[in-house]
Amino acid sequence: MIKDVEYYEFVKNKAIIKIIQDDLVQCYCIDTEGNLLFKFPKNTHTFRIENGNIFIVTNYDNYTEALFDSNGKQLTDFKYSHIIDTEEKLLKVQNSENKKWGYINLEGEEIIPCIYDDAYDYFSDGLAIVSLNGKRGAINSNGDIVIPINYHKLNFCSEGYIVATDTNYNQFIIDKRNNVIIPPVKYRRYYSGFFCGLINTNDGYYNVKGEKLKIKGVENV
């Protein structure tokens with residue numbers, strides 16, 4: 001007996017129909033003419049369409065997720081607790097067994113293995129911040145470690161720079177090759193970004209070369 005039917009918006013000429021019948025869920029994919037394109041496995045549900053051509057499907061039996069292509073082909077096993085779009089042609093995934101994070105491509109291949117305690121949902125200029133054993137670093141889209149995983153905190157700044165906090169809670173600016181641009185100032189401060197090519201700290205203004213601005217006409221500054 002059909003208990004409920006839900007209709008979802010069309011994305012790139014495809015939409016999902018969800019039918020709940022006899023306490024089971026069955027989802028179908030249709031085109032704009034109402035033609036059935038394919039159906040998903042029983043008791044699963046796709047709650048979003050990523051990149052217009054990729055379906056992220058949830059298994060209601062164990063609440064794991066898998067990736068399907070636009071033709072209904074299953075690209076991964078139901079082995080992830082979460083699959084999240086990063087807008088970088090990579091999807092962030094959490095392994096349902098070890099609870100670690102990694103990244104897969106749009107073909108379902110695990111490009112960066114699930115070995116990190118946490119990972120950013122996005123890449124900034126090709127880098128993503130990851131966490132391991134209580135420390136942070138950054139990797140590129142190939143999985144190479146670009147910034148060593150030995151920082152207390154990392155936060156993307158403007159102009160392609162990063163706010164780094166070491167394990168002694170010193171805070172400074174580094175570039176994306178781990179070069180120190182602005183060393184720790186006298187008092188820690190969260191850097192928000194470079195405006196007019198300068199960044200404000202409790203120790204004055206610095207430019208992107210790490211040079212302190214000389215203020216003219218004001219004593220003791």
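The values are calculated or read from the model by the stated rules, or taken from the named source; none is laboratory data. Note that this is a predicted model, so its numbers are computed, not measured. Neighbour counts are summed over all protein chains in view; Cβ atoms, including those assigned to glycine, are modelled from backbone coordinates with ideal geometry. When the accessible area is computed, the model is the full protein with side chains, heavy atoms only, and any ligands, DNA or RNA have been set aside. Shrake-Rupley method; radii C 1.70, N 1.55, O 1.52, S 1.80 Å.
Report whether or not Ile115 is in contact with a Gly (Cβ under 9 Å, 6 or more places away or on another chain), modelled with pLDDT of 95 or more and open to solvent by 60 Å² or more (accessible area, probe 1.4 Å). Spell out the reasoning first.
On the way: in contact with a Gly (Cβ under 9 Å, 6 or more places away or on another chain): yes; modelled with pLDDT of 95 or more: yes; open to solvent by 60 Å² or more (accessible area, probe 1.4 Å): yes.
The answer is yes for Ile115.
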Index of the failed condition, Ile145 passing every other in (1) open to solvent by 80 Å² or more (accessible area, probe 1.4 Å); (2) among the β-branched types (Val, Ile, Thr); (3) in contact with a Phe, Trp or Tyr (Cβ under 7 Å, 6 or more places away or on another chain); (4) under 23 Å from Ile112 (Cα atoms): (3)
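How many residues are outside any strand (DSSP E or B) and modelled with pLDDT of 90 or more when one looks only at the range 150-166?
The initial filter retains those residues of the range 150-166 that are outside any strand (DSSP E or B), namely 152, 157-161, 166.
Then keep just the ones that are modelled with pLDDT of 90 or more; that gives 152, 161, 166.
Residues flagged as outside any strand (DSSP E or B) and modelled with pLDDT of 90 or more within the range 150-166 amount to 3.
Only residues that are part of a loop (DSSP other than H, G, I, E, B) and at pLDDT below 90: list them for the range 175-195, please.
Residues of the range 175-195 part of a loop (DSSP other than H, G, I, E, B): 175-179, 183-194.
Result: Pro183, Pro184, Val185, Lys186, Tyr187, Arg188, Arg189, Tyr190, Tyr191, Ser192, Gly193, Phe194.
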Is there a residue in the range 125-138 that is touching a helix residue (DSSP H, G or I) at 6+ places or on another chain (Cβ under 8 Å) and either among the hydroxyl-bearing types (Ser, Thr, Tyr) or open to solvent by 40 Å² or more (accessible area, probe 1.4 Å) (or both)? yes
When you go through (1) in a strand (DSSP E or B); (2) at pLDDT 95 or above; (3) over 14 Å from the mean Cα position of the chain (by Cα) one by one for Phe172, which number turns out not to apply? (2)
Kindly indicate whether any position in the range 91-100 is among the acidic types (Asp, Glu), part of a loop (DSSP other than H, G, I, E, B) and surrounded by 15 or more Cβ atoms within 10 Å (Cβ to Cβ). no
I'd like to verify a number: residues in the range 14-57 that are buried (at least 19 other Cβ atoms within 10 Å of the Cβ), under 22 Å from the mean Cα position of the chain (by Cα) and among the polar types (S, T, N, Q), how many? 1
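Do we find that Gly160 is touching a Pro at 6+ places or on another chain (Cβ under 6 Å) and closer than 15 Å to Asn178 by Cα in this structure? Don't jump to the end; show me each part of the working.
Values: touching a Pro at 6+ places or on another chain (Cβ under 6 Å): no; closer than 15 Å to Asn178 by Cα: yes.
The answer is no for Gly160.
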Among the residues of the range 77-90, write down those that are open to solvent by 10 Å² or more (accessible area, probe 1.4 Å) and assigned to a loop (DSSP other than H, G, I, E, B). Asp77, Phe78, Lys79, Glu87, Glu88, Lys89
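In this structure, does Glu65 turn out to be crowded, with 18+ Cβ neighbours inside 10 Å, at pLDDT 95 or above and of a type in the set (D, E, K, R)? Break it down into steps so the answer makes sense when it comes.
Working: crowded, with 18+ Cβ neighbours inside 10 Å: yes; at pLDDT 95 or above: yes; of a type in the set (D, E, K, R): yes.
Here the answer is yes, as Glu65 does meet what is asked.
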Pairs please, first residue from the range 83-98 and under 18 Å from Phe55 (Cβ atoms), second anywhere and β-branched (Val, Ile, Thr) and open to solvent by 30 Å² or more (accessible area, probe 1.4 Å), Cβ atoms under 6 Å, 6+ apart in sequence or on different chains. Lys92/Ile84
